[in-house]
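Only one structure is covered here, and it is reproduced in the block below.
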Amino acid sequence: MNININNNFDNVSENYLFSEINKRIKKYKEEHKDADIIRLGIGDVTLPLGQKVVDALIEASKEMGNKDTFRGYPPEYGYDFTKIAVKNYYETNKVNLDLESIFISDGAKSDLGNIVDIFGDNPIYIPNPVYPVYLDSNLMSGRKINYIEGYEANNFLPMPNDIKDNNCIIYLCSPNNPTGATYTYNELDKWVKFALESNSLIIYDSAYEAFIKDNLHPHSIYEIEGAKECAIEICSFSKQAGFTGLRSGWTIVPLELESKNHSINKLWKRRQATKFNGVSYPVQRAAEAALSKDGIKECMDNIDYYMENAKMLSNLFDEKGIYYTGGKSSPYIWFKCPNGMNSWEFFDYLLENVNVVGTPGAGFGTFGEGYFRITSFNTHEKTKEAIDRLRKVL
Ligand code: PLP
């Protein structure tokens, strides 16, 4: 073949983090057949779907098998019943959304990756460390990247102070993956003011908002005044309702967003109508059920289970006086590797000495070097056992 390919892919580094982790575990197991390894690197939910969601899936599937209730292609932007469920969900945080601004997706990752389609060249600002999709999707479309840096002095919550550009696209993720750090109302207000003053757009990833349990941290950027004029919000049913295997999320593109006489909402509609054919009916019924009163209760029971693990893990770091972020409004705990070890050295150290596996912070960006991410998605029993083991070596 002799076709030209998208050379921008040459700038995207191999996604080797999890394959390298698995390679090291495999090698260790070959040499230590009886090793009882505990995985605190799990980035996926482990508890099953709630009963309301399962009932809705079964009911909707039956409808699909009946001549009178069968449905074909769903609307590209989502059924009204799902959009209304999202709208009502936001109302619990006193955010009023136009139904037209809500787009039901097959998960946050798709929309985070696809949103670049509707923008031209602008200065792009991406946190470091962060969930890699923002970076890779911009690199694939040939964009140059600037970083907003997270470190201990800003508690891994970059602020706009160092941005000199105007007309930027800025990615924010709160509660953050991998650091678990979460913006307060006040901090997010500064970002919104900056975006408005500099004619910039914020792409706000709120995939972990359901883990916020206090009144200090907003669940949605639209709780901040002015955000509808400067922010797109992308969220997910994955961690909130255990939909990682079912696939659904939502994106809010406010009608107020305009640039150079273009409605951003119309551009996104146009993009979706061309390249996306909607989320299946049973999954949208399941999503609707997840946002019902009883459905939310079931989701919260699962989140509470994970957060109990997060609390036990945070207690260990408090007890040891080790710097960490997360664990309060997030299933992730991000801590400094002891004795100046770098992230991979510490990975090997934990694997070899206590058979506990986590995720090296360096895999999330250069500013993650020297840090480590562990998660609360394992069982209480395994998490407790891992804590006992960690206590001996931290
Ligand atoms: N955003 C963040 C910050 C994530 O950590 C993840 C998944 O790990 C996603 C988005 C992807 O969510 P989804 O499963 O809805 O595609």
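The values are calculated or read from the model by the stated rules, or taken from the named source; none is laboratory data. Here the structure is a predicted model, which means the values were calculated and not measured. When we count neighbours, we look across all protein chains shown, and the Cβ atoms used for this are built from the backbone with ideal geometry, even at glycine.
Restricting to region 27-56, give me the number of residues that are exposed (fewer than 10 other Cβ atoms within 10 Å of the Cβ) and either outside any loop (DSSP other than H, G, I, E, B) or within 23 Å of the chain's Cα centre (by Cα) (or both).
Going through region 27-56 one residue at a time, the tally reaches 2.
For region 282-296, does any single residue satisfy the condition of being acidic (Asp, Glu) and either in a strand (DSSP E or B) or within 16 Å of the ligand (Cβ to nearest atom) (or both)?
Taking region 282-296 first, the residues acidic (Asp, Glu) are 288, 294.
Among the residues that remain, those that are also either in a strand (DSSP E or B) or within 16 Å of the ligand (Cβ to nearest atom) (or both) are: none.
So far as region 282-296 goes, no, none of its residues is acidic (Asp, Glu) and either in a strand (DSSP E or B) or within 16 Å of the ligand (Cβ to nearest atom) (or both).
Report whether or not Tyr306 is assigned by TED's automatic domain parsing to the domain that holds Glu385 and either at pLDDT 95 or above or surrounded by fewer than 20 Cβ atoms within 10 Å (Cβ to Cβ) (or both). Please lay out each step first, then the result.
Numbers: assigned by TED's automatic domain parsing to the domain that holds Glu385: yes; either at pLDDT 95 or above or surrounded by fewer than 20 Cβ atoms within 10 Å (Cβ to Cβ) (or both): yes.
Taking the combined requirement at face value, the residue satisfies it.
Please indicate, with yes or no, whether at least one residue in region 283-306 is without any contact (Cβ under 8 Å) to a residue 24 or more places away in the chain and hydroxyl-bearing (Ser, Thr, Tyr).
Taking every residue of region 283-306 in turn, none turns out to be without any contact (Cβ under 8 Å) to a residue 24 or more places away in the chain and hydroxyl-bearing (Ser, Thr, Tyr).
Determine the pairs where a residue that is closer than 15 Å to Ala290 by Cα, located within region 73-92, has a partner that is hydrophobic (A, V, I, L, M, F, W, C) and outside any helix (DSSP H, G or I) with Cβ atoms under 6 Å apart, the partner being 6 or more residues away or on another chain.
So the pair list comes out as Thr82/Ile104; Lys83/Ile102; Ala85/Leu291; Val86/Ile102; Val86/Trp250; Lys87/Leu97; Tyr89/Leu291; Tyr90/Leu97.
May I ask you to list the residues in region 169-188 that are among the hydrophobic types (A, V, I, L, M, F, W, C), away from the ligand (no atom under 14 Å from the Cβ) and in contact with a helix residue (DSSP H, G or I) (Cβ under 8 Å, 6 or more places away or on another chain)? Explain how you work it out, then say what you get.
The first filter runs over region 169-188 and keeps only residues among the hydrophobic types (A, V, I, L, M, F, W, C), leaving 169-170, 172-173, 181, 188.
Going one step further and asking which of them are away from the ligand (no atom under 14 Å from the Cβ), we end up with 169-170, 188.
Selection gives Ile170, Leu188.
Does Trp191 satisfy the condition of being more than 16 Å from the ligand (Cβ to nearest atom), surrounded by 24 or more Cβ atoms within 10 Å (Cβ to Cβ) and at pLDDT 95 or above?
On the way: more than 16 Å from the ligand (Cβ to nearest atom): yes; surrounded by 24 or more Cβ atoms within 10 Å (Cβ to Cβ): yes; at pLDDT 95 or above: yes.
Yes; evaluated as a whole, the condition is true for this residue.
Every residue in region 68-117 that is acidic (Asp, Glu) and either on the phi > 0 side of the Ramachandran plot or not in a loop (DSSP other than H, G, I, E, B) (or both), please. Lay out the reasoning, then the answer.
Of all residues in region 68-117, those acidic (Asp, Glu) come to 68, 76, 80, 91, 98, 100, 106, 111, 117.
Correct list: Asp80, Glu91, Glu100, Asp111, Asp117.
Would you mind finding the one in Glu256, Glu319 that is more than 16 Å from the ligand (Cβ to nearest atom), assigned to a helix (DSSP H, G or I) and farther than 21 Å from Ala56 by Cα? If you could, list the steps in order and put the result at the bottom.
Working: Glu256 fails: assigned to a helix (DSSP H, G or I).
Residue meeting the stated conditions: Glu319.
If the Cβ limit is 8 Å and pairs must be 6+ apart or interchain, which residue in region 235-248 that is within 8 Å of Val45 (Cβ to Cβ) pairs with which residue that is more than 7 Å from the ligand (Cβ to nearest atom) and outside any loop (DSSP other than H, G, I, E, B)?
What qualifies is Lys239/Ala210; Lys239/Phe211; Gly242/Val53; Gly242/Cys299; Gly242/Asn302.
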